[in-house]
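**Q** One structure follows; several queries about it will come next.
The values are calculated or read from the model by the stated rules, or taken from the named source; none is laboratory data. This is a predicted model, so every value here is computed, not measured. Cβ placement follows ideal geometry from the backbone for every residue including glycine, while neighbour counts extend to all protein chains displayed.
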Amino acid sequence: MVRPRVVRILQLNTYADPIGGAEVYALTLTRELRQRGHVVGFFGTSPKREVDDEHLRVVRRPLYDPLLLWREPAVRLALQAFVRRLQPELIHVHNVHSLGLDVLEALGALGIPTVQSVHDFNMVCPNSWCVRGDGSVCPGGIGAQCFQHGCQKNYPFDAEVVLHALLRHRALSCIVDVSICPSRSLAERMEHHGRKGVVHIPNTIEPIAGSGTDQRQAKELLYVGRLTPEKGVDYLLQALPLIREHDPEVHLTLVAGGSPSTKVVERVRRIAGVSLFLDVPRAELGRFYSTATVCVLPSIWCENAPLVALECLAAGLPMVASHIGGLPELVEDGVTGFTFRPRDPVDLAEKTRRCLALGTEARARMSAALRERSSRFQLAPHVTRIEQLYREVVRRQHGPVAPAIALDGDLLAVLEQLTREKPGGPGELRAPDRRRVLVARLRRVARALHLPKIFPN
């Protein structure tokens, strides 16, 4: 039997710690590829640690700093040195939303075949929501339309943020040979906006085991995730009284990820029928998945293939989810759960009551359907498919990519100065007239680069 050829691979993600689904996936893939004999290096950043080992390079930097969006020499130099040491045949890019644009230029100059796992809608939307101010789903596309539909109501941004997103999209479009999209929804959106080499490969999931003695409750709702606006928790909390009005015994457990604000935590803890758990390690989530009746995913942004939904499939836990983005691909009405209109607490309450009202046999059938669906996301076949894709890409002719984003000194200087002087930013805007001059100068540069008009007059 001929063993598959070993490949030298660099996994690249902004963050090196498992703070979200993209990071969990990238780290899991790295581990599995190493177990199959491949030489895999991982490059990322962290606000807490600096690591410089043979196969792991972590650069210590803030989670997000707008001053680093344009030029980040510490990360660029560290990446170039790590590549020289690792000598990868292929680079697998994950989330790079907040890395400096000069890092992406350096990546293209390496001339190494590159694939990207696109973990959210950031490649077609500057704030990843792909939702307009009125809540309707946006077709995507980075440019003037980002200011024409009230999109800033969802998540504030300005022209510099949109320009950064547009330039990052252009850079990656030239660098990346194949874009892996976990949902068909995102794959179609990427192709619509001109990305070549798009493939739909569902993400993988490792089941999180419960204690083995857990009993599923009859009236226990579960939410797992960040307590941030895009996740729609406010609409779940608005729906809860409508649900408890019919049955006061219904209880909601929130397992909060990230670092929710004190104000949000205090508000949640004052609501009747709600329990809040903070800082729960992922390995301990199994006890929540195995005791809940229904998991609610009330997202109001375009989800791609959220990790929580895959974990529910593996746990046989029915879901009530927003009908948005890639969620309907995972939650089939009446089969694996129910979907509801995003931002509609009344519809959310009605679909949740319907799920809670299922009889014992119906719940058993739904749990069996969920576990059957989870077989499509098994780890071993997924990694085998990724290996095949790697080998296909490595065989292609490749060379250094000329900078597609023209990061000349004039453009960088203006962008960096604007960022420093932005109201509410790192510096103070002491000279509005000077800022207007800078914006006018930047507008001229953008026109010279044939960029869509995104800086308002």
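**Q** Looking only at the stretch 249-264, which residues are modelled with pLDDT of 95 or more and farther than 19 Å from residue 284 by Cα?
**A** 249, 250, 251
**Q** Return the residues of the stretch 177-195 that are touching a Gly at 6+ places or on another chain (Cβ under 7 Å), within 16 Å of residue 393 (Cβ to Cβ) and surrounded by 22 or more Cβ atoms within 10 Å (Cβ to Cβ); say none if nothing qualifies.
**A** Matches in the stretch 177-195: 179 only.
**Q** Here's something else I'd like to know. What's the total number of residues in the stretch 363-390 that are in a helix (DSSP H, G or I) and closer than 20 Å to residue 37 by Cα?
**A** 12
**Q** Continuing with this model, one more query. Tell me, which residue of the stretch 183-239 that is part of a strand (DSSP E or B) and closer than 18 Å to residue 319 by Cα is farthest from the chain's Cα centre (by Cα)?
**A** Result: 220.
**Q** Which residue, of 103, 115, is touching a residue at least 40 places away in the same chain (Cβ under 8 Å) and not in a loop (DSSP other than H, G, I, E, B)?
**A** On inspection, the qualifying residue turns out to be 115.
**Q** Somewhere in the stretch 250-268, is a residue of a type in the set (Asp, Glu) and closer than 29 Å to residue 134 by Cα?
**A** Yes, the stretch 250-268 has at least one match.
**Q** Which of the residues belonging to the stretch 126-156 are within 18 Å of residue 193 (Cβ to Cβ), in contact with a Phe, Trp or Tyr (Cβ under 9 Å, 6 or more places away or on another chain) and not in a helix (DSSP H, G or I)?
**A** 126, 127, 128, 129, 130, 131, 138, 140
**Q** Are any residues in the stretch 183-217 at pLDDT 90 or above and touching a Leu at 6+ places or on another chain (Cβ under 8 Å), and if so, which ones?
**A** Answer for the stretch 183-217, where residues must be at pLDDT 90 or above and touching a Leu at 6+ places or on another chain (Cβ under 8 Å): 199, 201, 203, 204.
**Q** While we're here: Tell me, which residue of the stretch 240-273 that is part of a loop (DSSP other than H, G, I, E, B), touching a residue at least 40 places away in the same chain (Cβ under 8 Å) and more than 23 Å from residue 229 (Cβ to Cβ) is farthest from the chain's Cα centre (by Cα)?
**A** That would be 247.
Residue-by-condition table, conditions (1) touching a residue at least 40 places away in the same chain (Cβ under 8 Å); (2) touching a strand residue (DSSP E or B) at 6+ places or on another chain (Cβ under 9 Å); (3) over 30 Å from residue 173 (Cα atoms):
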{"residue": "336", "(1), (2), (3)": "no, yes, yes"}
{"residue": "339", "(1), (2), (3)": "no, yes, yes"}
{"residue": "343", "(1), (2), (3)": "yes, yes, yes"}
{"residue": "354", "(1), (2), (3)": "no, yes, yes"}
{"residue": "357", "(1), (2), (3)": "no, no, yes"}
{"residue": "362", "(1), (2), (3)": "no, no, yes"}
{"residue": "370", "(1), (2), (3)": "yes, yes, yes"}
{"residue": "377", "(1), (2), (3)": "yes, no, no"}
{"residue": "390", "(1), (2), (3)": "yes, yes, no"}
